[in-house]
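Inspection log for the structure reproduced underneath, given as structure tokens.
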Amino acid sequence: MSTAFSRPEVETLVRQVTLEYLARTRTKIAPALTVHSSARHMHLSREDLEALFGPGHELTADRPLFQEGNFAARETVTLVGPRSRLISNLRVLGPLRSKSQVELAYTDAISLGLDIPIRLSGDIAGTPGAFIMGPRGMIELKEGVIRAAIHVHMNPAEAAHFGVKQGDLMKLRVGGDAGVTFNRVHVRIDERSRLNVHMDTDEANACGLHLAKEIELTK
Ligand SMILES: [Zn+2]
């Protein structure tokens, strides 16, 4: 009995092996997706840091964040909104930035009586301001209180995998009992980024992120 394969059989086998290999390779390069919710927080400029915490003060890193170089600082401030409503223990995130910025969920803004727009981080022109109190001083932030737009960080290789470019919008489907699809997830590409969606606590609560079993990011 012959064990030799006929030519068509060999061709079929080779094709199957090639397809399986390609499938495995694709799976291997598919980047792992993580979704994190950001609680309300503040970014500070050098000038504002020193006004709040004293000259020469440096932020103390308390806990590293998923994106390399970013951290939750030990420092917190108090935000004073209109009609003297407060948010205390507002966490400062490092590193320092060129402009100070406060990121709140709508729930926070409503409790303060502030009408805040949805903006990408750093895009703060014309947004509401607030008074910020630190242990060594107080500043008036003329603008910079926003609800951060839901966004996905990725590096150029991950962007190529999804076929997206800077500023594109993607869809994030969060499955589960409170399943939600977010239709306007802003793409932010940077060499040092790791694939990671950032949403705020209102969005995370709405989609039951802590219970989600399936998460899918698509173009
Ligand atoms: Zn982010």
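The values are calculated or read from the model by the stated rules, or taken from the named source; none is laboratory data. This structure is a prediction, so every number in the text was calculated from the model and none was measured. Cβ placement follows ideal geometry from the backbone for every residue including glycine, while neighbour counts extend to all protein chains displayed. Keep in mind that these areas ignore ligands, DNA and RNA; they rest on the heavy atoms of the full protein, side chains included. Shrake-Rupley method; radii C 1.70, N 1.55, O 1.52, S 1.80 Å.
Could you give the length gained on full extension between Ala39 and Leu120, defined as 0.36 nm per residue of separation minus the Cα-Cα distance, in nm?
Details: separation 81, 0.36 × 81 = 29.16 nm, distance 1.57 nm.
27.6 nm is the gain from fully extending Ala39 to Leu120.
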Q) Taking the highest mean first, how do the peptides 88-95, 43-50, 31-38 order by number of other beta carbon atoms within 10 angstrom per residue? A) 43-50, 88-95, 31-38
Q: Starting from the Cα of Lys99, draw a straight line to each of the lysines and keep only those under 19 Å, dropping any in the same chain fewer than 8 residues away.
A: Lys142
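Counting helices only, and only those DSSP H runs with n ≥ 4, report the 222 nm mean residue ellipticity of the chain as the sum of -39,500 (n - 2.57) divided by its residues, in deg cm²/dmol to the nearest 500. If you can, show how the numbers build up before the last one.
Values: 5 runs with 51 residues, N = 219.
After summing the helix terms and dividing by residue count, I get -7000 deg cm²/dmol.
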**Q.** Of all accessible heavy-atom area on the range 81-206, the percent that carbon and sulfur account for (1.4 Å)
**A.** 51
**Q.** For the range 151-193 versus the range 34-71, the gap between their alpha-carbon centres in whole angstrom
**A.** 24
Q. So which trypsin sites (Lys or Arg not before Pro) in the range 125-169 are both in a DSSP loop and have at most 11 other Cβ atoms within 10 Å of their Cβ?
A. Lys142, Lys165
**Q.** Anchor Lys165: aspartates and glutamates whose Cα lies under 14 Å away (excluding residues fewer than 8 positions away in-chain)
**A.** Asp190, Glu191
